[in-house]
Each structure stands twice: as structure tokens, then as C-alpha cells.
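Here's the structure, in C-alpha cells; my notes come after.
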Amino acid sequence: MKAGQLDRVIEIQRMTTVVDDYGTPTQQWAKLVTLRAQKVQSSTDEYIRGAGATDETVIVFRTRHYDGITTAD
């Protein structure tokens, strides 16, 4: 892959649990890594569900390998 095709900057985040000042655990997104990426595909789908009509946008990026990234990130 040519580096010139990596024309986007994306940030990969991971859900973490932190304890606030009151001792309550809360979940927050924490920055894992910032990568250069290429936008491969983008699509929007509309669904009718129990909560009503919703839109989902899916964007596919291509990046260089970074060890430790999972589908949960």
C-alpha cells in the first residue's frame, strides 16, 4: 500500500473502566492509537426497529497493522 493513499487520520479508542471521585466505576473511551488510514467504503442503511426508524453508517478504513487492536476497540 502506498503511503500517499493513507490520506485520513483516525483515532482508535478502547472502553475502559475508571473510578470517579465518589468511588463509582464508570466506563469511558480512552485513546489507544492515532493511525493514518484510507477510506475504502462508506454506506448508510435505514432500519425500522422497536424504538422507531434508525440510520446506521458504516465506514471501512484500511490502515497499517497495529498489534493489539481488537474488534471491541
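The values are calculated or read from the model by the stated rules, or taken from the named source; none is laboratory data. Only a predicted model underlies this, so the values are computations on that prediction, with no experimental measurement involved. Here the Cβ is made from the backbone with ideal geometry for all residues, glycine too, and neighbour counts use every protein chain on show. Just the protein is used for accessible areas: all its heavy atoms, side chains included, with ligands, DNA and RNA removed. Shrake-Rupley method; radii C 1.70, N 1.55, O 1.52, S 1.80 Å.
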Report task. List every residue pair whose Cβ atoms lie under 6 Å apart, where the two residues are 6 or more positions apart in sequence or sit on different chains, the first residue falls within the stretch 13-35 and is among the acidic types (Asp, Glu), and the second residue, located anywhere, is open to solvent by 90 Å² or more (accessible area, probe 1.4 Å). Result -> none
Query raised in the report: Does the stretch 29-48 contain any residue that is charged (D, E, K, R), more than 14 Å from the chain's Cα centre (by Cα) and modelled with pLDDT under 80?
Result: yes
**Report entry** the stretch 14-33 - residue that is open to solvent by less than 70 Å² (accessible area, probe 1.4 Å) and in a strand (DSSP E or B) and, of those, nearest to PHE61 (Cα to Cα)
**Finding:** VAL33
